[in-house]
1. Could you go through the stretch 144-153 in sequence order and give the Karplus-derived ³J(HN,Hα) for each residue, using 6.51 cos²θ - 1.76 cosθ + 1.60 with θ = phi - 60°, rounded to whole Hz, and x for Gly and Pro?
2. Show me, for the stretch 21-35, the HN-Hα J-couplings you get by feeding each phi into the Karplus relation (A = 6.51, B = -1.76, C = 1.60, θ = phi - 60°), rounded to Hz, glycine and proline as x.
3. Quick one: Karplus J couplings for the stretch 198-209, per residue in order, coefficients 6.51, -1.76, 1.60, θ = phi - 60°, nearest Hz, x for Gly and Pro?
4. What FRET efficiency would be calculated for the residue pair residue 123, residue 206, taking the C-beta separation as r and a Förster radius of 22 Å, to the nearest 0.05?
5. Relative contact order for the stretch 10-126: what is it in percent, counting Cα pairs under 8 Å that are at least 6 residues apart?
6. Percent of accessible area on the chain owned by carbon and sulfur, 1.4 Å probe?
7. If I take all pairs of Cα atoms in the chain, what percentage of them are more than 33 Å from each other?
8. Just the number, please: Stokes-Einstein D of the stretch 67-143 in µm²/s, Kirkwood Rh from C-alpha pairs, 10 °C, 1.306 mPa s.
Amino acid sequence: MQQNSISDNYKSILSGLPEGVLLVAVSKTRTDAEIGEAVAAGCRDFGENKAQELCRKYESFPDVRWHFIGHLQKNKIRSLVGKACLIHSVDSIELALEINKRAAGLGLVQDILIQVNAAGETQKSGISPEEARKLYFEICRTCPNVKVAGLMQIAPEADDPEDVRVYFKEVADLFKELGLDILSMGMSSDYKVAVEEGANCVRIGSAIFGKRDYSRMI
Ligand SMILES: *Cc1c(COP(=O)(O)O)cnc(C)c1O
């Protein structure tokens, strides 16, 4: 069976999203040619989970927005600040302070999201909603060069996305309570449920580009 084109996939997902929901095409492991197809279809927001890969693709495509969505390490922050339009995965004050230091040095304010892990999955990054609330106020108090634009969550893997609706709802409640701008939740398998619960930014990889081949990872 022939696969749909990247362009068709992108346009069909976009047309199914409500007005005001940002579609971030997750391009980890994808080639410049594949990214070029998405750009030609109108995509201007791409997500990467490795700092080195984001920086390389930023050089190839400087006119689109690059979102950092991966596990954040302190020693990679230097290379990301100013290049990533949004860092989705901040889950400690140490990371926020490091971003703040680098952003101050460059004379800019870095937009970030706090990564929440409402299901408490130990193998994943992210903190509980209660810890996220505290971290939000601590960053506001101590990091003038960091702007917390919103919250991000990676829901547990589930055969039925209805099973994770409760986690989307929990993070959406905190998002509303704090009055933030960006709620980044939902991937290929569960984005419809995430959007129903209030996500206004979805991160979609395989439903646009096809199945990932990790042997191509740099
Ligand atoms: C890979 C990845 C995605 C996209 O996953 P798909 O299932 O391919 O849509 C979204 N968010 C994060 C944080 C990812 O690492």
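1. x, 9, 10, 10, 7, 8, x, 10, 10, 9
2. Once θ is set to phi - 60°, the couplings for the stretch 21-35 become 9, 7, 9, 9, 7, 7, 9, 4, 6, 8, 7, 4, 5, 5, 5 Hz.
3. x, 4, 10, 8, 10, 10, 10, x, 5, 5, 9, 9
4. Details: r = 20 Å, r/R0 = 0.92.
Efficiency, rounded to the nearest 0.05: 0.65.
5. Working: 153 pairs, mean separation 21.2, N = 117.
It rounds to 18 percent for the stretch 10-126.
6. On the way: 5110 of 10520 Å².
Solvent-exposed carbon and sulfur of the chain make up 49 percent of the total.
7. Details: 2719 of 23653 pairs.
Percentage above 33 Å: 11.
8. Using the Kirkwood radius from Cα pairs, D works out to 126 µm²/s.
The values are calculated or read from the model by the stated rules, or taken from the named source; none is laboratory data. Everything numeric here is computed off the predicted structure, so don't read it as measured data. All Cβ positions, even for glycine, are placed from backbone atoms using ideal geometry, and neighbour counts span all protein chains on display. All accessible areas refer to the heavy atoms of the entire protein, side chains included, with ligands and DNA or RNA removed. Shrake-Rupley method; radii C 1.70, N 1.55, O 1.52, S 1.80 Å.
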